[in-house]
Amino acid sequence: EISEEVIRLGPIILDWQEQIHHPGGSVRYRLNLNGKKVVYATDMELNRIFDSDKSSKEDKAIARDYMDFIHNADLLIADAQYTEEEYPDKVGWGHSSVPVLLDVAFKSYVKQLAVFHHDPQHSDKFLDELWMMNRSRYRSGSRKMDIFWAREGMTLAI
């Protein structure tokens with residue numbers, strides 16, 4: 001169990017928040033080192049809090065907290081297990097759709113987005129095509145966000 005809200009590990013400052021909308025709960029972490037910020041925020045059903053037609057006041061507050069937590073992250077590692085079409089059959093499973101995660105990350109000024117927790121029913125080819133469909137939308141204009149699918153063994157420069 002974590003008892004401190006902020007944990008110092010030498011030069012690394014780690015803070016965390018509990019998340020909801022995942023069976024059994026979940027926690028997100030933010031690591032700060034030398035002005036760089038890496039956020040690990042998985043197992044949260046973002047669709048449930050960012051659906052403006054159905055979101056309660058409580059969900060809107062949770063959405064603001066989430067966006068504040070990931071704001072201006074140099075790297076956000078987050079799950080987007082489903083396509084927009086698949087999500088309605090997966091409500092309550094605790095995972096987000098790709099379009100919602102991408103939109104929220106972009107609005108929160110995330111610089112790099114590592115999407116993971118892929119649906120095991122999706123082939124590598126399917127994921128590559130999904131990435132190709134989405135990456136260009138966030139790589140044009142004055143503000144860019146680098147989107148990629150996380151893969152086992154991947155190493156990144158922050």
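Overview of results
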{"read-out": "Matching strands (runs of 3 or more DSSP E) fully within the stretch 1-116 where at least 2 residues are of a type in the set (A, V, I, L, M), free of Cβ contacts under 8 Å to residues at least 12 places away in the same chain and open to solvent by 70 Å² or more (accessible area, probe 1.4 Å)", "value": "6-9"}
{"read-out": "Some residue of the stretch 136-148 being farther than 16 Å from S26 by Cβ, under 10 Å from the mean Cα position of the chain (by Cα) and buried (at least 21 other Cβ atoms within 10 Å of the Cβ)", "value": "no"}
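The values are calculated or read from the model by the stated rules, or taken from the named source; none is laboratory data. All values reported here derive from a predicted model rather than from experimental measurement. For neighbour counting, all protein chains shown are included, and Cβ atoms are generated from backbone atoms with ideal geometry for every residue, glycine included. When the accessible area is computed, the model is the full protein with side chains, heavy atoms only, and any ligands, DNA or RNA have been set aside. Shrake-Rupley method; radii C 1.70, N 1.55, O 1.52, S 1.80 Å.
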